[in-house]
Amino acid sequence: MSAPLHPVWQKHQGLVWSNPHADDTVRIRAALVRPRFSQLLDIALAFGLDRVQREWNILAEESTPETLRARASVERILMNIEKGFALAGSRN
């Protein structure tokens, strides 16, 4: 029996449409190779920015055409999310 899906995946069902039972790692990595700010922000809020960054680091090391194409966007998005989290944290 598979573990229940995190609720964030209800909002982002199309990431792995061919594998509805994919685990969180597969889904996070799918989001990273097709980066959209709002989607990556939702995932970072659900799993933590560190987790998303770790998954990106693993993908980036592989240097596949997908990751090379996504690199600039992902790194910009993750940097902006990090800045936003830091700003939000300093206001509390």
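Name, by its number, the condition in (1) in a helix (DSSP H, G or I); (2) open to solvent by less than 30 Å² (accessible area, probe 1.4 Å) that does not hold for Gln10.
Against the list (1) in a helix (DSSP H, G or I); (2) open to solvent by less than 30 Å² (accessible area, probe 1.4 Å), Gln10 comes up short only on (2).
Give the residues of the range 31-63 that are at pLDDT 95 or above and of a type in the set (S, T, N, Q), sorted by residue number.
Result: Ser38, Gln39, Gln53, Asn57.
Run down Met79, Met1 and say which single residue is surrounded by fewer than 18 Cβ atoms within 10 Å (Cβ to Cβ) and either charged (D, E, K, R) or modelled with pLDDT of 95 or more (or both).
Being surrounded by fewer than 18 Cβ atoms within 10 Å (Cβ to Cβ) and either charged (D, E, K, R) or modelled with pLDDT of 95 or more (or both) holds for just one of Met79, Met1, which is Met79.
If you go through the range 41-57, how many residues are open to solvent by 10 Å² or more (accessible area, probe 1.4 Å), in contact with a Leu (Cβ under 9 Å, 6 or more places away or on another chain) and farther than 21 Å from Pro4 by Cα?
Total meeting the criteria: 2.
What are the residues in the range 58-76 that are in a helix (DSSP H, G or I), more than 22 Å from His6 (Cα to Cα) and either of a type in the set (D, E, K, R) or open to solvent by 30 Å² or more (accessible area, probe 1.4 Å) (or both), if any?
Glu61, Glu62, Pro65, Glu66, Leu68, Arg69, Arg71, Ala72, Ser73, Glu75, Arg76
Yes or no, residue by residue, for (1) farther than 26 Å from Gly89 by Cβ; (2) of a type in the set (Phe, Trp, Tyr); (3) in contact with a helix residue (DSSP H, G or I) (Cβ under 7 Å, 6 or more places away or on another chain):
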| position | (1), (2), (3) |
| --- | --- |
| Leu5 | yes, no, no |
| Gln13 | yes, no, no |
| Ser18 | yes, no, no |
| Arg36 | no, no, no |
| Leu41 | no, no, yes |
| Arg54 | no, no, no |
| Leu59 | yes, no, yes |
| Arg69 | yes, no, no |
| Val74 | no, no, yes |
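If you go through the range 13-40, how many residues are open to solvent by 50 Å² or more (accessible area, probe 1.4 Å), under 15 Å from Ile77 (Cβ atoms) and assigned to a helix (DSSP H, G or I)?
The number of residues fulfilling the criteria is 3.
The values are calculated or read from the model by the stated rules, or taken from the named source; none is laboratory data. Because the structure is predicted, anything quoted here is derived from the model rather than measured. All Cβ positions, even for glycine, are placed from backbone atoms using ideal geometry, and neighbour counts span all protein chains on display. Quick note on the areas: whole protein, heavy atoms, side chains included, nothing else; ligands and nucleic acids left out. Shrake-Rupley method; radii C 1.70, N 1.55, O 1.52, S 1.80 Å.
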